[in-house]
Structures are given as C-alpha cells and as structure tokens.
Amino acid sequence: DAKTTQPPSMDCAEGRAANLPCNHSTISGNEYVYWYRQIHSQGPQYIIHGLKNNETNEMASLIITEDRKSSTLILPHATLRDTAVYYCIVRSGDSGYALNFGKGTSLLVTP
Amino acid sequence: DAGVIQSPRHEVTEMGQEVTLRCKPISGHNSLFWYRQTMMRGLELLIYFNNNVPIDDSGMPEDRFSAKMPNASFSTLKIQPSEPRDSAVYFCASSYLAGPSTDTQYFGPGTRLTVL
C-alpha cells in the first residue's frame, strides 16, 4: 500500500471548516483513500473513503486531486467534539484487510 | 446493533500471568481484526480472520501471543506469559468483506492492558 504524509498537528476554530491535507504521491490505480479518526481513549472511527471522485457524507467531504497524489478531508463546521487524531490511509481494494495507520494529524478545535 | 464489544475494558496483571482478551464482532460481519496501540509504535495489526479462519498472523509479536475465532460471533486474544512490554491498548475490529472491493472496519472500545 502507498505511503501517506500528513502534518502532525493542526488547529481550527469552532464553527469553521477544518481542511486536513494528505499526500499520497505513490498511490496506484486500484488504491482507495480512507480517512479514520480516533478521539481520545476511543477506538478508531471510519469517516469516509474514495477512489477518484470527490465524496461527501454526513460527517465530511473528501476531495481527491485529479492526479490522485493528494487529498483533503473537509469537516465543514468543526465542533469541539471533532478534536481527534485523523488518519489518512491508502489501501488497495484487493488487499482485503489491514489498515496501516501512520501517525495521523492531531486536530485541535478551539472555542 | 451494539457495535463491536470487547472485554474486559481494563486489565491489570502481573508479569508471567496469562491474559485473555475477548471480542464479539458485529453480527453479519465476516472479517475480524486484532490491533495493538502503543505510544511508540502506534496502531499495528496483529492478526486478521476471514470467515473464522486466520488469514494473516504476521503481526503477532511472538509465540506468547495466540488468537482464536471458534465461531462467527466470538474471538479471543491470549498472552501467556505476559510481560511488561505487552502493556498497550488492544482493539478488535470487524467488517464485511464481500470480495475485491472496499470494506469499512468498525472498531471496539479497546482493552487497556497493564502488565506490572
């Protein structure tokens, strides 16, 4: 699976959009981009995933560049409860299993 | 659905003792994963089951660790004998894998293990 690069930490004001970048320049054609987050002392939680097209669900939006070498997770209106570590993971649809969590981005949402 | 259930939530034991962690996956899921999280190594996969069969146990640290899945609704991770370096949070996750496509893993709340 392709390696990802994320900033170690970010801040965001409550109510503003949080834009979390991820670089995956070695991604291959059949690899998906997944985002999970881990709130302190809890298990990781799935947020969203995509292959080529931008995706949106009730939690967030995922923007993938045309060359697929980077992506951005957008939390449109961040709340204090969104404070967590966010993991960008690239995984092949054929691999079928392991999620390789890196160090992620620690997002702090401030009042 | 209650989600993935793990027990116990906290375990404190002494070095050399046997430890058994338990997991009940989400009903209908056919894949189960055991992960371990430490400050030094982050989240790492220990073992993966598909349809109750161990598929990849390359992440299991050593022979002191063993995992079983006797049926679709229950799995155990056993450490015998336990050592202080096994102290970590152990997560169980489950998913429904239908073939060469993506699946979403749902994680339990974890078991925090402390070996003194």
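The table below lists the values:
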quantity: Listed residues A:97, A:86, A:34, most fluctuating in chain A (Gaussian network, C-alpha, under 10 Å); calculated: A:97
quantity: Longest to shortest principal axis, alpha-carbon extents of region A:40-111, angstrom; calculated: 40, 25, 20
quantity: GNM flexibility winner over chain B from B:26, B:47, B:55 (Cα, springs under 10 Å); calculated: B:55
quantity: Sequence-separation-based contact order of chain A, relative, with Cα cut under 8 Å and 6+ spacing, percent; calculated: 37 percent
quantity: Cleavage-rule hits, GluC sites (Glu not before Pro), region B:1-82, DSSP coil, Cβ neighbours within 10 Å at most 12; calculated: B:14, B:18, B:62
quantity: Shape box of region B:2-54 [Cα atoms, principal axes, largest first, Å]; calculated: 36, 22, 21
quantity: Cα coordinate range in chain B, projected on the principal axes (Å, largest first); calculated: 42, 28, 27
quantity: Trypsin sites (Lys or Arg not before Pro) lying in DSSP loop within region B:6-100, provided at most 11 other Cβ fall within 10 Å; calculated: B:9, B:41
quantity: Region A:17-95 versus region B:42-116: alpha-carbon centroid distance in Å; calculated: 24 Å
quantity: Choice from A:50, A:15, A:29 showing the highest fluctuation, given a GNM over chain A with Cα pairs closer than 10 Å; calculated: A:29
quantity: Computed lengthening from residue B:85 to residue B:66, 0.36 nm per intervening residue step minus Cα-Cα distance; calculated: 5.2 nm
quantity: Region A:1-94: C-alpha pair distances exceeding 20 Å, %; calculated: 31 percent
quantity: Efficiency of FRET between residue A:63 and residue B:52 - r from beta-carbon atoms, R0 45 angstrom, step 0.05; calculated: 0.70
quantity: Taking region B:1-42 and dividing mean pair separation by its residue count, relative contact order in percent (alpha carbons under 8 Å, at least six apart); calculated: 41 percent
quantity: Unit charges on C-beta of K, R, D, E only; dipole of chain B, Debye; calculated: 240 debye
quantity: Cβ-isolated cysteines (cut-off 4.7 Å), chain A; calculated: A:12
quantity: Taking chain B and dividing mean pair separation by its residue count, relative contact order in percent (alpha carbons under 8 Å, at least six apart); calculated: 36 percent
quantity: Shape category assigned to the protein assembly as shown from the gyration tensor of Cα positions, a/c cut at 1.5; calculated: prolate
quantity: Point-to-point label distance, residue A:16-residue B:44, nm (Cα→Cβ direction, 7 Å offset); calculated: 3.8 nm
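Read-outs: derived from the displayed coordinates by stated rules, not from any lab. The structure displayed is predicted, hence computed values, not measured ones. All Cβ positions, glycine included, derive from the backbone under ideal geometry; neighbour counts span all protein chains shown.
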